[in-house]
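Let me begin by presenting the structure, written as structure tokens, before commenting on it.
The values are calculated or read from the model by the stated rules, or taken from the named source; none is laboratory data. Not measured: the values here are computed from a predicted model. Glycine also receives a Cβ, built like all others from the backbone with ideal geometry; neighbour counts cover every protein chain displayed.
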Amino acid sequence: MNILGNGRMLPSRLTIGLFLLIVCLTACASAVPPANPAPTVPYTPKPSPTSTATPTALPTLPPPTAVPSPSTPTPTPCAVPGRMEIGSYPSVTAGQMNYRIYLPPCYGLDGRTYPTLYLLGGNNHTDAIWDDLGVDEVAETGILAKQWPPLLIVLPDGGWIANNSSGGPGSYESVIMNDLIPYIEQTYCAWGDPSGRAIGGLSRGGYWALEIAFRFPDLFASAGGHSAALLDQYAWPAVNPQYTGLSQNLGDLRIYFDIGADDYVINNIRQLHLDMETAVPPIPHTWVLNEGRHEEAYWQTHIPDYLAWYSEPWPLDRTKYPTCFQ
């Protein structure tokens, strides 16, 4: 130790070194972090504010329209189509005779009988004429549409006897009344009652339909003459429709005449119409004067009219028909 002359002692080098060491330790201690530092929270920058657009209002939609359920189709009489059959029957008067018959859809399946329409052809025709004109197709369409009831349509061949006789016993009348109708009603489910029978014909067949029905009005519901050729010069008053239509008590027989204005056979049937109209009392009948001539195109055009008229008194409800015992 050095002692100054004024009595103070100068610090030695050792003392100065210790002093510096103490100062250094104190400063370093303040710079050391604590043993368990608090956890550091990472910095997450805030997103920049985004401008919020005001949504555009959607148009107001009308309420949904209810979709209708598919309509149930009108049931047809059945899935089995009608058909035309060709056959023959024995005739005491004329030998074996041919015929055709239209059987409606589901024929025979419900166990009931059917009203029956007999349609006769002209003197140059066979049993094919009404078939060729399409009567079965027209009938099928109307039956499926429920315009008229299922019915049988019988198309007989007139043959030589229809062209060479005028009426009465032993004529084509006997073939129809004694042979054909009994055969049809025994062989098929035909409604064997006068209310279930109708007869009609075109040209010469119209003559025969009226000849038969006017002589046996209580055995038929309806009779039609379509362009009826009342031209038989050999027909006597007891069989000629121009006379029997006026002299016979026709009762409730429904009668239909139609013809084309340009038909060459119009005179006699028009006269019968006038005579029935002016009779006292008038004889009920339907008279239809159409445009047309004596030809197949005329009859084909009016088949729907004929079937509608013949079917009018027959019920659509099949339960109203008698049971078939075939």
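Conditions (1) over 39 Å from the mean Cα position of the chain (by Cα); (2) closer than 18 Å to W287 by Cα; (3) not hydrophobic (A, V, I, L, M, F, W, C), marked per residue:
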| site | (1), (2), (3) |
| --- | --- |
| S227 | no, yes, yes |
| L231 | yes, no, no |
| P237 | yes, no, yes |
| Q242 | yes, yes, yes |
| R254 | no, yes, yes |
| D258 | no, yes, yes |
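Go through S171, S165, S195 for me and flag whichever is under 15 Å from L219 (Cβ atoms), modelled with pLDDT of 95 or more, out of contact with any strand residue (DSSP E or B) (no Cβ under 7 Å at 6 or more places or on another chain) and among the polar types (S, T, N, Q). Testing whether each residue is under 15 Å from L219 (Cβ atoms), modelled with pLDDT of 95 or more, out of contact with any strand residue (DSSP E or B) (no Cβ under 7 Å at 6 or more places or on another chain) and among the polar types (S, T, N, Q) leaves just S195. Residues in segment 171-185: is at least one of a type in the set (G, A, S) and assigned to a loop (DSSP other than H, G, I, E, B)? Yes - at least one qualifying residue is present in segment 171-185.
For segment 245-273, residues that are part of a loop (DSSP other than H, G, I, E, B) and over 23 Å from Q300 (Cβ atoms) total 6.
Buried (at least 17 other Cβ atoms within 10 Å of the Cβ) and in contact (Cβ under 8 Å) with a residue 12 or more places away in the chain: does that describe L120? So L120 fits the description; yes. The set of residues from segment 145-170 being in a loop (DSSP other than H, G, I, E, B) and over 37 Å from the mean Cα position of the chain (by Cα) comprises N164, S165, S166, G167, G168, P169, G170. Consider Y256 carefully, then state whether it is among the hydroxyl-bearing types (S, T, Y), over 21 Å from N164 (Cα atoms) and loosely packed, with under 12 Cβ neighbours inside 10 Å. Judged against the criteria, Y256 is not a match. Whether any residue in segment 297-306 is surrounded by fewer than 17 Cβ atoms within 10 Å (Cβ to Cβ) and over 30 Å from C78 (Cα atoms) is what I want to check. So far as segment 297-306 goes, yes, one or more of its residues are surrounded by fewer than 17 Cβ atoms within 10 Å (Cβ to Cβ) and over 30 Å from C78 (Cα atoms). Determine if segment 132-153 includes at least one residue that is buried (at least 22 other Cβ atoms within 10 Å of the Cβ) and aromatic (F, W, Y). The answer is no; no qualifying residue exists. Only one of the numbered conditions (1) at pLDDT below 95; (2) within 23 Å of M177 (Cα to Cα); (3) touching a helix residue (DSSP H, G or I) at 6+ places or on another chain (Cβ under 6 Å) is violated by N124, and that is (3). Only one of E277, E296 is among the acidic types (D, E) and free of Cβ contacts under 8 Å to residues at least 24 places away in the same chain; which? Step by step, each of E277, E296 is checked, and only E277 is among the acidic types (D, E) and free of Cβ contacts under 8 Å to residues at least 24 places away in the same chain. Consider segment 197-233 and keep the residues that are in a helix (DSSP H, G or I) and in contact (Cβ under 8 Å) with a residue 60 or more places away in the chain. The one that is surrounded by the most Cβ atoms within 10 Å (Cβ to Cβ) is W208. If you filter segment 172-183 down to residues that are touching a residue at least 24 places away in the same chain (Cβ under 8 Å) and either out of contact with any helix residue (DSSP H, G or I) (no Cβ under 7 Å at 6 or more places or on another chain) or at positive phi (or both), you find that the one that is surrounded by the fewest Cβ atoms within 10 Å (Cβ to Cβ) is N178.
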